[in-house]
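First the structure, in the form of C-alpha cells, and then the observations on it.
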Amino acid sequence: MRLYLDRLNEWAGDEPESHLVTPSEAELPVFTFTYRGQFGENTISGFTYGLSLVRHPDWRLGSPELFISMDSENLNWTLAAGYVATAWRGQKRYSAGDAFDLGDPISPNESEMSVLLLFLATDLDPEFTRIELPDRVINIVQLYPMYESEMPLLEEKGPAEFLSTEDVDFHDPRRRPLSH
C-alpha cells in the first residue's frame, strides 16, 4: 500500500485523509484516501485502496481502484467510492459502464444522486491511471455520480455518450437531472 499511497501523494503534493471503510478485522481492508483542493477551491477527490487486492477472472491487464472528484467539501463522496469498492468486490467486474446504485442519496444535504457510474478517468493524466506495483498493476477508473432517474438515459445512450452530454458538469453535486 505504501508505494500506491506514495504515488497518490506525489500527484497531490500532499498527504490525504485516510479512512478505513471495512471493519477493522477484515482480511482484505478497503481504505479511502481523500485530498482537498486538487481541482480548485472547495473540491474533494478520493481514491480507494483494497479493491485491487481481490481477484476477478476478467482482470487480465490489471486490477481496478476507484477515483472520484466533486465540487464539494463533503466526505460522503469519497466514502461512497469506498463503499462501492467494498460492497461488490469479488462479484462485479468494475468495468467501464458499470453502474452502482447505492439506494440512498450519497450526500443528502447537497443532492439526490444515488448512483455511481464507473468509466475511464477523465480528470487524471492517462499515464497516472496505471500504477505498477511489485505484485500487480492498478488501473484507476473514475466514478461519476448520477441520479437514479438517469438510468434509462444511460442505457439508451451508453456511458461515453451519456458523460459527453453538452453543458453538464458531472462534478457538480447540485446539477439538474438529465432527461430524455
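Every number here is computed from the coordinates shown, using simple stated rules; none is lab data. Remember, it's a predicted structure, so these values are computed and weren't measured experimentally. Here Cβ is always computed from backbone atoms with ideal geometry, including for glycine, and neighbour counts include all displayed protein chains.
Kindly rank 113-121, 162-170, 76-84 from highest to lowest mean number of other beta carbons found within 10 Å of each residue.
Sorting 113-121, 162-170, 76-84 by mean packing, highest first, produces 76-84, 113-121, 162-170.
Taking amide hydrogens as modeled 1.01 Å from N in the peptide plane, which residues meet the under 5 Å criterion relative to Ile140, leaving out close sequence neighbours?
Those qualifying (amide H under 5 Å, at least 5 residues apart or on another chain) are Glu65, Arg130, Ile131.
Measure out, as a whole number of angstrom, how far apart the alpha-carbon centroids of segment 139-180 and segment 27-49 sit.
21 Å
Could you grab the relative contact order for the chain? Cα pairs under 8 Å, six or more apart, rounded to a whole percent.
Worked out over the chain, it gives 18 percent.
Using DSSP to define loop residues, name the trypsin sites (Lys or Arg not before Pro) in segment 5-60 whose beta-carbon has at most 15 other beta-carbon atoms within 10 Å.
Arg55, Arg60
Among the GluC sites (Glu not before Pro) within segment 1-99, which fall in a DSSP loop and have no more than 12 other Cβ atoms within 10 Å of their own Cβ?
Those that pass, being in a loop and sparsely packed, are Glu25, Glu27, Glu41.
Could the peptides 127-137, 90-100, 44-54 be put in order, highest first, of the mean number of other beta-carbon atoms found within 10 Å of their residues?
Ranking, from highest mean packing down: 44-54, 90-100, 127-137.
Would you calculate a helix-derived [θ] at 222 nm for the chain, using -39,500 (n - 2.57) for each DSSP H run of n ≥ 4 and dividing by the full residue count, to the nearest 500?
Value at 222 nm, helices only: -5500 deg cm²/dmol.
Taking amide H atoms as placed 1.01 Å from N in the peptide plane, list the residues 5 or more away in sequence, or in a different chain, whose amide H sits under 5 Å from that of Val21.
Answer set, sorted by chain and number: Val30, Phe31, Thr32.
Nearest 5 is fine: what % of DSSP beta bridges in segment 47-180 come out antiparallel, could you say?
70 percent
May I ask for the angle, rounded to the nearest 10°, between helix 2-12 and the longest principal axis of the chain, with both axes built from Cα atoms and the value confined to 0 to 90°?
The two axes meet at around 40 degrees.
For each of Met146, Met70, Met151, count neighbouring Cβ atoms within 10 Å of the residue's Cβ, then give the residues from fewest to most.
Met151, Met146, Met70
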